[in-house]
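As structure tokens, the structure follows; a few thoughts come after it.
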Amino acid sequence: MDKRIFYRVFDNLSLGDAIDQNAEFIPLLSKEDEAEMDKEHMPEELPVLPIRNTVLFPGVVIPITAGRDKSIQLLRDVYEDRRLLGVLSQRNVAIENPKPADLFQIGTMARLIKLLKMPDGNTTVILQGIKRYKVVEFVRENPYFTASVAPLAEDQSKENVEFTALVDSVKDMALQIIKANPNIPSDSGFAIKNIESPSFLLNFVGSSMSLPVLEKQKLLAENDIVKKANYTLKHLTIELQKLELKNDIRSKVQSDLDKQQREYFLHQQLKTIQQELGTVSDEQELEDMREMGQKKRWPEQIAARFEKELVKLQRMNPQVPEHSVQRNYLEFMLDLPWEKYSRDSIRLERAERILNRDHYGLEDVKDRILEYLAVLQIKNDLKSPILCLHGPPGVGKTSLGKSIAEALGRKYVRMSLGGLHDESEIRGHRKTYIGAMPGRVLQSIKKAGTSNPVFVLDEIDKMGQGGHGDPSSAMLEVLDPEQNTGFYDNFLEEPYDLSRILFLATANNVADIQPALRDRMEIIEVSGYSLAEKVEIAKRHLLPKQLKAHGLTHRDLKLGKRQIEKIIEGYTRESGLRTLEKRISKLLRHTAKSIAMAQIYTVKMVDKDIEAVLGAPKLYASKYEHNRNPGVVTGLAWTSVGGDILFIESILSKGMGKLSLTGNLGKVMKESATIALEYIKAHAADWGIGQDLLAHSNIHVHVPEGATPKDGPSAGIAMLTSIASSLTRRKVKTRLAMTGEITLRGRVLPVGGIKEKILAAKRADIRDIILSAENRKDVAEIKPNYIKGLRFHYVDEMRRVLDMALLKQRVTKDRKRR
């Protein structure tokens, strides 16, 4: 024993989790020591000590605490007689008094190095394994187990260069585990490095790994030393990976804890500084919020929710990200104008005066607002209407909201919906997300400060649909009078009453609005302005507004009616007024520059002065053209900037009856031309058109301004008239325009945009207009001064169109245009 060095380590010594607590002594055996142990004689019978929770390997020293009477008696006898004993592991650790069948058959012969009597009556011994044996049979059970045994030899014949490398890998892996585990003393690595015997190294490492008893027993019973080495290396690799993962987790957790502790100390220091300076601390701010909540007038349900969320905030660590979200939530609840309404100023004369002051025309909208005020004055309790102003850009739809708010004495808020494609913009984000925000509806109400503002939903037809839901579907709840009494915002998580809000939506094209959403709104059409209206609006509103914006007065620049008309006709082409306002602004900038530079300029501008500033007229109003040639017809079209006239031309050439269409026409417009030609072919005899002419003539239909896309069914009767005029050589009636859809049965169907088309016809100096009989009601809604000087001809059949449009006079040869 004097040749052995016993190396004492602490009770918690382990190779990561792989080292067992029972491995308290590490003997550093040389190869000579191991050879001596192998030569140790094994008696035919050995007293057997059953042990639990561990397995004793040859050469390994472990402490054992014995509590059973049989075990204590055995250890005393062996210690007194200096005998050897056999150690067997129990199959089931729960059995207090095992039988022979409860023990494994392969164990280790051991030498008792030291025996200690403990104060609690137990006996602790230190055993060193010597060599393996196999139980032949148990010969006695009393006073303790005695068994007939046979030695087991280990097959070391396969030791070669590969085996040596394998053992070195086991040693390196064990050293890595010792280095990675801070709980293992660094001296343990010295012990591992000094183990010379491969067999003892495998036994020691196998004994130290935290494997189940059954797995350790398999390792002990393995005779092939190469398999034992592979098995040991496999489990060491697994344990090293676990240890590295555990260290990574521990490192990250420690880093987070250090950061939180640092923030906590800084927060405490900041709190102390605030107290010294007399500034408000977090606790004081929370108390202020509680006082504000108690004074606020809101439903009991909301008050209870506020108190609950405030208590949650008080318990929350200020350093966690959720703290700011919770704080924002409470502040938002306090900022919302719960049950706070502005008092309506219900004086119809004043409201009408304000609406007329700010807007010229728009009679339908004004009448609807005044009707609402009248009912509100009588009933004093009316759900606000949801109006949708539909019309081209620049006609004053959005600005009308401000005038309505002033007329009612309410706050005004505006929310632009153009390009909106996320449902959360309407309903808000759930506050479980970091950076969550309420929807723009409630944010706008918070900004207004009252729960009944005039709320303009601008460009409602331009909402998109993306990967984050459909905002137009979310608007259904906002604009439904039956649902918006309890609008649910995902951030607020409480119902909010929107029923007292006067919603005013604007749209350029109602066809782009979702049908269910369109059904919830009252559509009011705001059509384009006539030339006379534009002139009046420019004099009353645009010119004074721009004079003020440029720091000028009416003495610095004067524009007469004729000059404004020139600007409108020569430099703008729109239904609204935006371009006109830009042109007036340019004139005023020129005036301001002249005044600033002390240059001479004309105060009362004439045409040449306007051209000097704006340049030559860029646009020319579409005017009626002569009808000297057959096949030229004036049609009426609706565009996004109002109405316009277009010319449809057709010509015949020798061919095989082919129809050609040019002018950037859409599919529907091409179909209208095909229908018109087929109808004429079917009724050719009625207009004296020969079949030979149809069979041997190509028909080419062209709509000028080919760069502009054109589509729609309203040019049907114009195409019919153009083709019929070319085939019959009959000229078209002078100063005549037409619009209407056609069918193969010869019917003329109604079309839309009648007011815009009539205004365009009037600007083009048209006198007669052919319309479908079903469009009579649209004409009846137009003001008489708009249609003054126009004659309307209503038709049901295509035959009547040709009868009205074509003259009896025939042209034998086309005239050249001069």
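The values are calculated or read from the model by the stated rules, or taken from the named source; none is laboratory data. Note that the structure is predicted; figures quoted are calculated from it, not measured. Positions of Cβ are generated from backbone atoms using ideal geometry, with glycine treated the same way; all protein chains shown enter the neighbour counts. Note: areas computed on protein heavy atoms with side chains; ligands, DNA, RNA excluded. Shrake-Rupley method; radii C 1.70, N 1.55, O 1.52, S 1.80 Å.
The residue among 452, 178, 318 whose Cα reaches farthest toward the positive pole of the charge dipole of the chain, with charges on the beta-carbon of Lys, Arg, Asp and Glu, is 452.
Where Lys and Arg each count +1 and Asp and Glu each count -1, what net charge lies around residue 336 among other residues with Cβ under 13 Å from its Cβ? With Lys, Arg at +1 and Asp, Glu at -1, the net is -1. In a reduced charge model with +1 at each Lys and Arg Cβ and -1 at each Asp and Glu Cβ, region 695-818 shows a dipole moment near 820 debye about its Cα centre. Taking 7 Å steps out from each Cα toward its Cβ at residue 509 and residue 138 produces label points 9.4 nm apart. Solvent exposure of residue 242, expressed as accessible area, is near 110 Å², computed with a probe of 1.4 Å over the protein chains only. Taken over region 459-595, the ratio of Cα radius of gyration to 2.2 N^0.38 Å equals 1.52. Excluding ligands, DNA and RNA, the accessible surface per residue across region 683-795 is 42 Å² with a 1.4 Å probe. The length gained on full extension between residue 224 and residue 785, counted as 0.36 nm times the residue separation minus their Cα-Cα distance, comes to 190.6 nm. 3J(HN,Hα) couplings calculated from phi for region 238-253 with the Karplus curve 6.51 cos²θ - 1.76 cosθ + 1.60 (θ = phi - 60°) are, in sequence order, 4, 5, 5, 4, 4, 5, 4, 5, 5, 5, 4, 4, 4, 5, 5, 4 Hz; Gly and Pro show x.
Surface exposure of region 291-364, expressed per residue as accessible area with a 1.4 Å probe, stands at 61 Å².
For the chain, the mean residue ellipticity at 222 nm estimated from helices alone is -13000 deg cm²/dmol, where every DSSP H run of n ≥ 4 contributes -39500 (n - 2.57) and the total is divided by all residues, rounded to the nearest 500. Projected label points at residue 292 and residue 368, each 7 Å from Cα along the beta carbon direction, are separated by 3.8 nanometres. Evaluated at q = 0.22 Å⁻¹, the base-10 log of the normalised Debye intensity for region 676-818, with identical point scatterers placed on the Cα atoms, takes the values -1.50. With one equal scatterer per alpha carbon and no solvent term, the Debye-computed log10 I(q)/I(0) for region 670-715 at 0.25, 0.30 1/Å reads -0.98, -1.17.
Note on surface exposure: 113, 689 rank 113, 689 by accessible area, highest first, 1.4 Å probe. Couplings 3J(HN,Hα) for region 489-506, derived from phi with the Karplus relation 6.51 cos²θ - 1.76 cosθ + 1.60 (θ = phi - 60°), are 9, 4, 7, 6, 6, 9, x, 10, 7, 10, 5, 8, 7, 8, 7, 10, 9, 10 Hz, where x marks Gly and Pro. Quick one: dipole size for the chain, taken about the Cα centre, charges +1 on Lys/Arg Cβ and -1 on Asp/Glu Cβ, in debye to the nearest 20. Dipole of the chain, to the nearest 20 debye: 6840 debye. Each residue of region 412-421 was assigned a 3J(HN,Hα) from its phi angle through the Karplus curve 6.51 cos²θ - 1.76 cosθ + 1.60 (θ = phi - 60°); the sequence is 10, 10, 9, 10, 7, 9, x, x, 5, 9 Hz, with glycine and proline shown as x. Charged neighbours of residue 513, selected by a Cβ distance under 11 Å, balance to -1 (K, R count +1; D, E count -1).
With the whole protein complex present, residue 76 retains an accessible surface near 100 Å², based on a 1.4 Å probe. Our note on the geometry: Cα centres of region 126-165 and region 314-384, 93 Å apart. A crude spin-label estimate for the pair residue 348 and residue 592, with each label 7 Å from Cα along the Cβ direction, gives 4.3 nm. Per-residue accessible area (protein heavy atoms, 1.4 Å probe) orders 726, 424 as 424, 726, starting from the largest. Counted by Cβ distance under 9 Å from residue 471, the other residues give a net charge of -3, where Lys and Arg count +1 and Asp and Glu count -1. In whole percent, how big is the carbon plus sulfur part of the accessible area of the chain, probe 1.4 Å, protein atoms only? Looking at the chain in its full context, I get 50 percent from C and S. Short-range pairs are left out: with C-alpha atoms under 8 Å and at least six residues apart, the relative contact order of the chain is 7 percent. Ordering 503, 647 by accessible surface, largest first, gives 647, 503; the 1.4 Å probe counts only protein heavy atoms, with every chain in place. Dipole orientation for the chain: of the candidates 208, 198, 792, 792 has the Cα lying most toward the positive pole (charges on Cβ; Lys, Arg +1; Asp, Glu -1). Taking a straight Cα-Cα cut-off under 21 Å and skipping sequence neighbours fewer than 8 places away in the same chain, the lysines within cross-link reach of residue 70 are 99, 114, 117.
A viscosity of 1.567 mPa s and a temperature of 4 °C, combined with the Kirkwood radius over Cα pairs in Stokes-Einstein, give a translational diffusion coefficient for region 393-440 of 98 µm²/s. Look at where the Cα atoms of region 685-709 and of region 481-502 average out, and the two centres are 60 Å apart. Separation of region 87-114 and region 34-72, taken as the distance between their Cα centroids, equals 9 angstrom.
With the charge dipole of the chain set up from +1 on Lys and Arg Cβ and -1 on Asp and Glu Cβ about the Cα centre, the Cα lying farthest toward the positive end among the listed residues 708, 432, 645 is that of 645. Amide H contacts of residue 104 (H built 1.01 Å from N, in plane; Pro and chain starts excluded): 89, 91 sit under 5 Å, all sequence-distant by 5 or more or on other chains.
For region 378-525, DSSP calls about 15 percent of its internal beta bridges antiparallel.
Would you calculate the volume per residue, in Å³, of the smallest convex hull containing every Cα atom of region 332-425? Hull volume normalised by residue count: 130 Å³. If you look at the Cα atoms of region 74-176, you get an Rg and a Dmax of 17.7, 52 Å. Note on residue 583: accessible area approximately 70 square angstrom, rounded to 10, probe 1.4 Å, nucleic acids and ligands left out.
Taking the average, over residues, of other Cβ atoms within 10 Å as the packing measure, peptides 691-703, 535-547 rank 535-547, 691-703 from highest down. Charging the Cβ of each Asp and Glu at -1 and of each Lys and Arg at +1, and nothing else, the dipole of region 147-218 about its Cα centre rounds to 240 debye. Can you give me the relative contact order of region 88-146 as a percent, contacts being Cα pairs under 8 Å and 6 or more apart? With pairs under 8 Å counted, the relative contact order is 28 percent. Counted over the chain, the DSSP beta bridges are approximately 60% antiparallel.
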